[in-house]
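So the structure is just underneath, and the comments pick up after that.
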Amino acid sequence: MAFDIDMIKGVYASMGERVEKARELVGKPLTLSEKILYSHLWDGKPTTAFVRGKDYVDFAPDRIACQDATAQMALLQFMQAGKDKVAVPTTVHCDHLILAKQGAAADLKHANETSKEVFDFLGSVSNKYGIGFWKPGAGIIHQVVLENYAFPGGMMIGTDSHTVNAGGLGMVAIGVGGADAVDVMAGMAWELKFPKLIGVKLTGKLSGWTAPKDVILKVAEILTVKGGTGAIVEYFGPGATSMSCTGKGTICNMGAEIGATTSTFGYDESMERYLRATDRSDVADEANKVKEHLTADPEVYANPEQYFDQVIEINLSELMPLLNGPFTPDLATEVGTMREKAEKNDWPLAVEWGLIGSCTNSSYEDLSRASSIAQQALDKKLKTKAEFGINPGSEQVRYTTERDGILEIFEKLDAKIFTNACGPCIGQWGRYEDPKNAPKNSIVHSFNRNFAKRADGNPNTHAFVASPEMTAAIAIAGRLDFNPLTDKLINEDGEEVMLDEPTGWELPPKGFEVKENGYEEPREDGSGVEVIVAEGSERLQLLQPFVPIKASDLQGMKLLIKAFGKCTTDHISMAGPWLRFRGHLDNIANNTLIGAVNAFNQKTNLVKSQLTGEYGGVPDTQREYKKQGIKTVVVGDHNYGEGSSREHAAMQPRHLGVAVVLVKSFARIHETNLKKQGMLALTFANENDYDLIQEDDTFNIVDAAEFAPDKPLTIELVHADGSKDTIKANHSYNDAQIKWFNEGSALNLIKIQNA
């Protein structure tokens, strides 16, 4: 039986009436995305038709999910909100703080020892406030959500950008910062700009070596890392319905890599099969009663150009397997054409590791298809050239694949079976003792992101994203340019052999099984639970409210850094070894912007102090400005803050005294996070004004006292030689968001409202 079945029944009970009213207001047939959005309005029944990409709308999500790295800060904030219990079903999943190094048992034991303080904190807060708690080793948040909580037609938010994975079960599931989650936990509305809609029509059918992963790798190539910003991507067509539920999840998961608000599919038989296989026949039965509301109206998919803002069509029968990378998830190369591109760009052709798993590709189907390739290496006497690493998505997947002999196949190839956790996908991989000075190399993985240093901390690791089965084939061959469709390998007997096409199971033939899933139900009454944060702890720190930034603070600001090129949340607040400080704002602030490239010297973590004229690390320089009471400005390029949802990338600069982030364009989640923390998130009205910013600049926002919706701000740039430039900066703040700014943060406002 499903968790929260009464809540799900309630959603379905009101859906028909709300969809019908929305259709009447909009005046035309509705997409699935619109049906879900309009049936989750904070005020209930729709009363107005919203303008896509313009209107800010208050929503009422059905549930929240938090992973342990972001949950620390989210729950530290919620503890200040003045509530006894979360207002909507919420879960915490311990999947980020487990270093992959020796193997599952040893790594989990080490994590439980080194992060005991954090796990105990998260467990006690969960117990106190009515939050479901998934212990370390229980699984990766998004796979666990798909197996237990996702339901067609629902809306959820999660404090991780890959929350969008739940779109594989027909949800509108959106990654947010912790402050957004706190709003909903506290019983308040969640605000989102009504998204634009991108339709992706899938024709044909996947076969051979092509997998669902290749669909999103192709979409990433078409739309790039920012092409989905501000939009929901809705997949449809015969190719969509022919795909498994977990395959759909893979596609939705990597929608985060194109900047999409989320991605989703209409309810179909594959979703019903998955719900029943994961012991949720009750949800499937309820969904079947309202299934006409759990997909778009027929007219939409028949004439998609009339209903979507953009339409892409992909013929799955013609789609080739792809390798995306290195260093960005949208650089696609068809298998079979890699050698020329690799040699031209000096990418190492030898592959050292093949990594299978992560929240993107760790389902039973993924592991079974990859194992069919691994089995061929054994049967055909092939010696694998690269090392294998496997991260099962959940204890249920791990237990079932072990029972069915799938993991044993990999173990016979000397694969390391890591914990049911994120591991190398988020930099939690103990591959090197000294990653900064590690050698140039290539790896292939089935993860979602491949930014520099993302997996192992080595800036010289060239990471390529592929399907699990293609990852297995390339790991066996040991070469980036291996094409299993055409290339032969020499086995131990000196014979030429070829790999056959992968095979596998959509769902386990003998059903899923698990002995201990790792879930802990919270107390019904948590008032007696004591949450302890040790004084002097280096891992946890109770929060102090941010002081509002006044108009006078926005005069005489100094440039902290002008970031050059790609500046993701990994550059602003690195993961890897820094994850241990995610619950201690002052300690983790010591990594602020250390990965950003300074436009004036093309170096990282080396900026000029206008106080001394000397160069130093970004956090150290900023702390000196803070001591002097001087606010600062960070300047950035396009899609600033892309990648992970981590709100630390906003809280850390705020904590250190940065007042303004001025860029060419923002990634959606990061822009919202900056607003929530009471900062000014501004964009150049003229992108070329980025070039006017000089290293010793002082910034004055001359009309700061007139900050208002739809009104650009005027910035005076005072250069070191006394000359000046005046530029315009746009913003997207509405009245409610300006209140956050005026109070110092959204959390400050919540506390006032709950007082």
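The values are calculated or read from the model by the stated rules, or taken from the named source; none is laboratory data. This one's a predicted model, so the numbers in the text were calculated from it and none came from an experiment. Reconstructed Cβ throughout: ideal geometry from the backbone, glycine too, with neighbour counts over all protein chains shown. Ligands, DNA and RNA are stripped out before the accessible areas are found, and what is left, the full protein with its side chains, is counted by its heavy atoms. Shrake-Rupley method; radii C 1.70, N 1.55, O 1.52, S 1.80 Å.
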Place +1 on the Cβ of every Lys and Arg and -1 on the Cβ of every Asp and Glu in the range 428-584, take the dipole about the Cα centre, and give the residue among P484, N437, N517 whose Cα lies farthest towards its positive end. N437
Calculated from DSSP helices alone, with each H run of at least 4 adding -39500 (n - 2.57) and the total divided by the residues of the chain, [θ]222 nm to the nearest 500 comes to -9000 deg cm²/dmol
Rounded to the nearest 0.05, what FRET efficiency do I490 and E520 give with R0 = 41 Å and r taken as the Cβ-Cβ distance? Could you check? 0.20
Can you list the trypsin sites (Lys or Arg not before Pro) in the range 556-637 that are in a DSSP coil and have 13 or fewer other beta carbons within 10 angstrom? K603
Once both label points are put 7 Å beyond Cα along the C-beta direction, the D120-D285 separation in nm becomes 4.4 nm
Fraction of accessible area attributable to carbon and sulfur, the range 144-238 (%, probe 1.4 Å): 52 percent
Hey, can you rank 684-692, 257-265 by average C-beta count inside 10 Å, highest first? 257-265, 684-692
Given the peptides 374-382, 456-464, arrange them by the average over their residues of other C-beta atoms within 10 Å, most packed first. 456-464, 374-382
Per the rule of 0.36 nm per residue minus the C-alpha distance, extending D43 to I532 adds in nm 172.3 nm
Along the dipole axis of the chain (charges at Cβ: +1 for Lys and Arg, -1 for Asp and Glu; origin at the Cα centre), the most positive-end residue among Y625, F3, A179 is Y625
Treating only the Cβ atoms of Lys and Arg (+1) and Asp and Glu (-1) as charged, compute the dipole magnitude of the chain about its Cα centre; round to the nearest 20 debye. 1000 debye
Keeping all protein chains in place, calculate the accessible area per residue for the range 254-407 (probe 1.4 angstrom), answer in Å². 37 Å²
In the range 493-610, what percent of the accessible surface is made up of carbon and sulfur (1.4 Å probe, ligands and nucleic acids excluded)? 48 percent
Starting from the alpha-carbon convex hull of the range 493-555, give the projected area averaged over all orientations, in nm². 17.0 nm²
In the range 384-465, which GluC sites (Glu not before Pro) fall in coil by DSSP and have 13 or fewer other Cβ atoms within 10 Å? E433
Positive dipole terminus of the chain, leading residue within I409, M73, Q143 (C-beta point charges): M73
Under a 1.4 Å probe, what is the accessible area of the range 13-63 per residue, stated in Å²? 42 Å²
Efficiency by 1/(1 + (r/R0)^6): what FRET value for K711 and F327, r their Cβ-Cβ distance, R0 = 41 Å, to the nearest 0.05? 0.60
Run the accessible area of the range 335-419 with a 1.4 Å probe and give the carbon-and-sulfur part as a rounded percent. 41 percent
Which of rounded, prolate, oblate describes the range 216-321, given a ≥ b ≥ c as roots of the alpha-carbon gyration tensor eigenvalues and a/c under 1.5 marking rounded, otherwise prolate only if a/b is larger than b/c? prolate
For the chain, state the average projected area of the convex hull of the C-alpha atoms over all orientations, rounded to one decimal in nm². 30.5 nm²
Per-residue accessible area for D586 at 1.4 Å probe radius, Å² rounded to 10? 50 Å²
How much area per residue is accessible in the range 616-755 when the probe is 1.4 Å and only protein heavy atoms are counted (Å²)? 34 Å²
Rank M79, M156 by accessible area, highest first, at a 1.4 Å probe radius? M79, M156
Round to the nearest 0.05 the FRET efficiency obtained for E408 and L542 when R0 = 35 Å and r is the Cβ-Cβ distance. 0.15
